[in-house]
Structures are given as structure tokens and as C-alpha cells.
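Below is one structure, written out as C-alpha cells; the observations come after it.
A short reminder: the numbers here are calculations on the coordinates, not readings from a lab. Predicted, not measured: the structure shown is a model, and the values here were computed from it. Glycine gets a Cβ as well: all are built from the backbone with ideal geometry, and neighbour counts include every protein chain shown.
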């Protein structure tokens, strides 16, 4: 049966069943990656993502993990296909890459592994995963060459055989190679699950039916997105905000104009030129952020595949902070992604305020610790601990903002206290919600978090905080959220732009921003109270 004939014969129930099966596959591969991983960043914080792509490199389904990771997926398969002849690919081939300019990535710690799926000798799809490898620390961020090892899409496995020289090249450039090797093996195991489950699906329903259903699911996502856009009022809405963090002397102006015309939507961004700092976004990072937030506002039930992007046009000046050119540094690009997400919400709030929240904490607050073990069985070994910390969510039209959560383009977890203190020379002395950080309103914004770390051994620290000068805005008369900030013990040497050394016994406090409120505060409203975070 040909694919065209199968398309005509498909019924909606079959398409729905196969769509659910694809979603199940990417969720299972994600769980396999988390369970098999070694580093706390993946096994505890779940800083990873999984997806399936068709043979041409179009997204069939992405698991509900980290929205910005789609940016590292979008161009990866097309780049593999451009550099490697598909006719020469074999079962068991695995491609690895991370580069923001020649590897389809958005920053270097996010390493992608992609494996082609063969059925009856034919390349029919790809299983792809990404893991954030906590490495490449103690570096500058003036340009991409300072930020770590750049990997274009190359074979890590050839017909199931490990290319040891490639693996050794990667590990030699990593500061914690044991973790990297173990996590790469977990990524391999997860992809094997994806291959097997997709092949089983084709065996159950036939290859032609699965491929035709994939096409139908792309078209269905497009139809749903177009219908959702068409239900919006036609018009243009412009919104301005600023981006600030510790790398900047003064906030950067950003703006977006969202235009709805019939069943299509365009987003035109205004941004300053790219900087010699790690806050620049690649175009794929911008696209991933836009697709996530537009889908969330217009119709959250739209399938997460390439079809949803067809009615969306995105423009940003090439060589700008939001669409950077080689060799701009990109390590902290998620901070800018967060601000872009709330920038778009600000524009939508003018057209459909009942569909959006007030501004979230607009940040992905990062605390990065590293050092050499000074005692115990690991003495002499280098260690790296990365944590992203939640903040306040924006208040909603009918409910308060959520407290101490990750928002928008990031979706990781805080590391549990027990795991932190077991694996690293750090103690967590305070972990709580921050009084007064929530934006006032009929519905208050979410509260930010405070975490206080005390070093038990000397270590290096880098803190990345946004909204340290600006505040998260409220809607419909709601108040602003609190600032993000950090502080150290009095005896600690001065930090330079959030980076410095903690000696044993010294502490670091990190406070994340709160979310904006929604609606004018009621006169008899009670103030927010302090609660210890679980």
C-alpha cells in the first residue's frame, strides 16, 4: 500500500492512536534517560529532553520537558542530512553535536544524540535526545570559543560500534569526564528505547500507516493552530520591556510587535546588537521560545510538532541579542529566552488579557559551584554542581501566581537538599519563600525563593540572576514582583559580576524574583506570609 493511498484510508481514530503512541514513546525515552543518568543535573533536576523526528528532520513529537531544548533539535537533523549521505547511514549509527552555529544547538552544555530509525532497511524517522552536561565551568563568555568544546554533527557510533577516538576527544575537553561518559551512555540507552518502540509501532500498524499518520498529525496541528489564531481579533500589539542581569551595566531595551491577520500570526522583535557576554540567543532558541508561548496562549492542546509553526512568522534583526551571529557567546541564552516569553505575553495581554498571566519572574536563576575535592575518597577529583532556582509565577485572571516555580523556557527541578549535601561539599542552611516578593493585586503574584548555601570546602561560584534591576510587571492594576539578588558572608572576598570564591565556612544567599500581580489590590487584602518551602 502506498503512503498516498494510506493517507486517504486513514480514519481519525487511527491517527489519534498513533499520535498518542508517539507521545508515549518520547515520554518513555525521557524517563529512561533520567533513570539511567549519573549526574544530579539529569537524574534529579531532569535537565534533558527527548523527541521524535521524521526522516526529513521535522518534529513529530517532543516530550513535555524543556521548551528551549526544541531550539537544539530544530536544525540538528537537517544539519546531519546536509553533512552525511542518508544512503550511507546504517542501523546503529548515532550522531552527536552541540554547537550553536554548526551543530544546531543553542549553547554548548546541551549535547544532542540522534539515531536514525530503520524499518525493513529504510530510514524512516529519528529518535533524538538532549542532556545538559554540567561542565565547561570557570570560563569567560566574550565569544563562543571561550565557552567549551564545539561539536558539529558527527558520528559517535557507526553501525553500532563506538568511535572511541571521537569519544576520547569529547571527554578530554570535559572537566568531569566520568559524569560525561555515564550521561552519554544514558543518552544512548534512551535512544535505543526510542528505536525499538518506533519499530514496534510500525510492526503493529504498518510502516505506511505510521508515516501517513505522522503527516496527518502535522497537518492537524497546523489546522488547530490556524483555527486558534483566527479566533483572535485581527490587529497589532506592541510591548516593550528591558533585560537586565549581572553581566550588564545597564538594562537592554527589547520590544515585540505581535500581528494577527486571519489565521496567521507574526512576531517582529526589536533588540540591540549582540554583546560580548553569554546572553545572546541563536535564532533556533528564539523560535523555540516563540513556538512555546504562542502555543500556550492560543491553544495549549495543539500537538507539539512542526505543524504548529507553519502559521507563525518570526523576525528579529540578524546579529542582535535575539538572533545572534557567529561568534557570539550564548551560554546564558535561557535568561534572555525567559524575558522574550514574558515580552510576548505583554503583547498578548493587550488583545486577550483573559488568556495570559501577569509577568512571571522572567528569570532562570543559576547558582554554579565547582572545585576540587579536598578530602574523602574523591580527594583530588574535580566536581561541578549546577542549579537553576525557581521564582514567582505571574498572577492569573482568576488565581494567584504559583510560588517558587520554574517558568516558561525552562522546566527543571530544584535539587533536593538531601542529594545536594550527599554529593557536594555544600550545606543548605535556608530554603524558603521570600516575604514581600509577590506582586500585590486582587490575585497576588507568586513569591520568589531564598536559598542559602554554606561551603564546607573552598569552591568557585558563579551566580546568574535577572530582574536584579527591573521588576516583573503586573496586569490590570496589579503590582510588581520583587527583585532578584545575591549576597555573601561579610568575610567573603568581593564577587565580580556574580563570580567569586567561597572559602570553607562562608555562605552564599540567592534570592529569586517574584511574579507580578493581577488586578488592583483589595483594601482589606491580607499581606503574604512567610512559608518554608518543602
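A few remarks follow.
- Working ranking of peptides 458-466, 32-40 by packing, defined as the average number of other Cβ atoms within 10 Å per residue, highest first, is 458-466, 32-40.
- Sequence ranges 212-218, 153-159, ranked by mean other-Cβ count within 10 angstrom, highest first: 212-218, 153-159
- Computed from the Cα positions only, the extents of the stretch 357-534 along the three principal axes stand at 57, 29, 28 Å, in decreasing order.
- Where a label projected 7 Å from the Cα of residue 504 along Cα→Cβ would reach, residues of the stretch 371-387 with amide N under 16 Å: 371-381
- Mean ellipticity per residue at 222 nm, deg cm²/dmol - from DSSP H runs of n ≥ 4 across the chain, formula -39500 (n - 2.57): -9000 deg cm²/dmol
- Inter-site label distance for residue 496 and residue 240 at 7 Å from Cα along Cβ, in nm: 3.4
- Per residue, the convex hull spanned by the Cα atoms of the stretch 3-223 measures out at 120 cubic angstrom.
- FRET efficiency for the residue 87 to residue 469 pair, using the beta carbon distance and R₀ = 35 Å, is estimated at 0.05.
- Förster-model FRET efficiency, 25 Å R0, residue 196 and residue 164, C-beta, rounded to 0.05: 0.50
- Taken over the chain, the ratio of Cα radius of gyration to 2.2 N^0.38 Å equals 0.97.
- Highest average first, the peptides 345-356, 163-174 ordered by how many other beta carbon atoms sit within 10 Å of their residues are 345-356, 163-174.
- For the chain, the relative contact order is 13 percent, taking Cα pairs closer than 8 Å that sit 6 or more residues apart in sequence and dividing their mean separation by the residue count.
- Förster radius 25 Å - calculated FRET efficiency between residue 375 and residue 138, Cβ distance, rounded to 0.05: 0.75
- Full extension of the segment from residue 273 to residue 423, taken as 0.36 nm per residue of separation minus the current Cα-Cα distance, would add 49.9 nm.
- Label-to-label distance for residue 101 and residue 231 is 4.4 nm, based on points extended 7 Å past Cα in the beta-carbon direction.
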